[in-house]
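Structure, as structure tokens:
Read-outs throughout are calculated quantities, based only on the coordinates presented, and are distinct from any laboratory measurement. All figures in this text were calculated on a predicted structure; none of them were measured in a lab.
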Amino acid sequence: MNRSTDAKATSPANMLGLDYRAEAAKLPYCGCGPIWDVHTHLMDLKAARLYCQVADDFGIERTWSMTQLEQIDPIRDEFGPRIQFIAVPNYLAKDNPQTFTTDWLRRMEKFAQKGVKICKFWAAPRGRDMHHEALLLDSPARIESMNLARSLGMMFMTHVGDPDAWFATRYADAARYGTKDDQYQPLERMLDQFDHTPWLAAHLAGTPENLDRLQDLLDRHPNLYVDTAATKWMVRELSKQPGRVRAFLNANRGRVLFGSDIVASSEEMNYDLFASRYWALRTLFETDYDGPSPIVDGDLARVDPSLPADATAHLCGAALGRDELRPLYHDAAAGLMP
């Protein structure tokens, strides 16, 4: 795959000096059909405007966003159904002990009143540092909120696990955070307890490093779906096994949804930041590109301190064909997302 560059200086989101707008027009799937991104974080209207410019360039027709309740109306007034919403707690008030308990239940009902049909139950290990009990996926507080979400007609989204690189570094205290394997026991219990509710597990259920584990979870839990969000993580791990990635996606059509995990806020308005995520993910899935990622990946130096702080991962594309991409980019989401 050829790359075009311009004269602009490199940045952590563009170490290759790419003209992302020009690159988007050359991607193989360009013009072949709509792409839906089921996992973003659009923090406010100003950021949503810039995000939608990038989305237009990369063929993203519809987006689901974890947006604070108070920001939904201004974004919806401008963009209508193009941007859909996922209910989340008020993380801006994370130090308030009620944020993830009684306040969350009240806000969930307000999200439902605005027509929101997906509820996020974030259960990353670092949640123990915010609220040790309430953010565990199978805690009594969580089960209470899941029962409410189900009564409101919502499907569930979750985040379990985190990169293997984090368990080797920031989660080295297994007594506090658990091992990587420990993250999946609560998930399986909840998948069984709420077995008639669809679950969308972000970041390939937190285990892109081990697609065999993920396949086993999908095989045993027909209500489980996954997304491809967290671009740096996906590029770093999936590029190590492009043939396995292609076989996995083809074996699980309708169960894997495209997501980017773009975080767009007015504090960091940067076209290249947003565009880099779509360029890297689409290059990973659509092409046979074999070379450096344009995005600085800080986890590389954390695991191997001999690497420079601005090291980037190697990106090796899976070169999926158009018929293979369509379920990932659109059809799975169209069949699942309310």
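Points to keep in mind about this one:
- Here the Karplus curve 6.51 cos²θ - 1.76 cosθ + 1.60, taken at θ = phi - 60°, turns the phi angles of segment 294-306 into couplings of x, 10, 4, 10, x, 5, 4, 6, 5, 7, 10, x, 6 Hz, with x standing for Gly and Pro.
- Cα gyration tensor, segment 131-256 - rounded (a/c under 1.5), prolate or oblate: oblate
- Percentage relative contact order, the chain, counting C-alpha pairs under 8 Å, at least six apart: 21
- Each principal axis of the Cα cloud of segment 98-192 was evaluated for its coordinate range; sorted largest first, these ranges are 42, 27, 21 Å.
- In a fully extended conformation the segment linking Ser306 and Thr10 would gain 104.4 nm over its present Cα-Cα distance, using 0.36 nm per residue.
- Between segment 209-235 and segment 258-287, the alpha-carbon centres lie 20 Å apart.
- Rounded to the nearest Hz, the phi-derived 3J(HN,Hα) couplings of segment 248-261 under the Karplus curve 6.51 cos²θ - 1.76 cosθ + 1.60 (θ = phi - 60°) are 5, 5, 5, 6, 10, 4, x, 10, 10, 10, 6, x, 10, 6, where x marks glycine and proline.
- Checking the cross-link pairs Lys120/Lys232; Lys117/Lys232; Lys26/Lys46 against a 26 Å limit on the alpha carbon distance flags Lys117/Lys232; Lys26/Lys46 as lying beyond it.
- Where both bridge residues fall in the chain, DSSP classifies roughly 20% of the beta bridges as antiparallel.
- Under 5 Å, built H, 5+ apart or other chain: amide partners of Gln84: Thr63, Trp64, Ser65
- Note on the chain: Rg/Rh from Cα positions, Kirkwood definition for Rh, rounded to two decimals, is 0.94.
- Calculated log₁₀ intensity ratio I(q)/I(0) where the Debye formula runs over C-alpha points of segment 224-338, q = 0.15, 0.21, 0.23 Å⁻¹: -0.69, -1.18, -1.31
- A full extension of the chain between Glu70 and Glu188 corresponds to an added length of 39.2 nm, given 0.36 nm per residue minus the alpha carbon distance.
- Here's how it looks for Ile262: its modeled amide H is under 5 Å from those of His41, which are all 5 or more places away or on a different chain.
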